[in-house]
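The next block holds one structure in the form of structure tokens; read it before the comments.
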Amino acid sequence: MTTDQIAALTSKQVAALGTASIAALSTAQIVAMTTSGIAGLTSAQITTMSTDQVEAFSSTQVAALSSVQIGALSMDDFEAFSTADIAAISSTGVWGLSTATLAALSTDQIAALGTGGIAGLSTTQIAALSTAQVEALTSLQVGALTSKQVAVLSSDAFATFSTADIAAITASAIAGLSTSILSSLTTDKIALLSTSAISGLTTGQSRR
């Protein structure tokens, strides 16, 4: 098929293609697929794709991948993704990231995840992040963390937060901090908490 013909395929037509046909597509043909066509790829089809084919995905195509499709990608595929590709993964697409895949992401790739992507991670996924990966989070990403996500951070991971990170934590997220983590905060970092964050502390937290 020509690239024009590939571009004309609907999601149902793409899904009907055999895995051998998908594996035989050139990178130019992969690039020619519309986001609708990309959305039609089955897990079995994605699994048979080479790393070169996956690397050919544009950021727009990556953004069209569902959590199931993301879950079908290998760690080698993710290593081939640019930071722009990582940033394009949707807030629901990140659900497909296994803890093993997350652990294999570089700190640059972790920092590239959008705030929606970070907020979309489950507590299990957040807990699987290494201390170095947590340290790589930008202040904007830290500001996107929920109380449930903050609650599963280890003391060592939380200790890597800069003063800007601490100041970015929302009042609602502060509620997830354990008393042990609050007790480990220096007075300088406590002083950075917003007044709304302080007022949002539970009785148990404020007694730290």
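None of the figures in this text is laboratory data; all of them are computed from the coordinates on show. Since the structure is predicted, the reported quantities are computational estimates derived from the model, not experimental observations. Reconstructed Cβ throughout: ideal geometry from the backbone, glycine too, with neighbour counts over all protein chains shown.
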Residues of segment 115-154 being over 14 Å from Ile174 (Cα atoms) and of a type in the set (Ser, Thr, Tyr), in sequence order, are Thr115, Ser122, Thr123, Thr124, Ser130, Thr131, Thr138, Ser139, Ser154
Would you please list the contacts, defined by Cβ atoms under 8 Å and residues six or more apart or on different chains, that run from a residue in segment 93-104 that is farther than 18 Å from Ala132 by Cα to a residue that is surrounded by fewer than 17 Cβ atoms within 10 Å (Cβ to Cβ) and of a type in the set (Val, Ile, Thr)? Gly96/Val68
Among the listed residues Thr131, Thr124, identify the single one that is closer than 17 Å to Ile70 by Cβ, in contact with a Ser or Thr (Cβ under 8 Å, 6 or more places away or on another chain) and surrounded by fewer than 16 Cβ atoms within 10 Å (Cβ to Cβ). Thr124
Does at least one position in segment 28-35 carry a residue that is small (Gly, Ala, Ser) and loosely packed, with under 14 Cβ neighbours inside 10 Å? yes
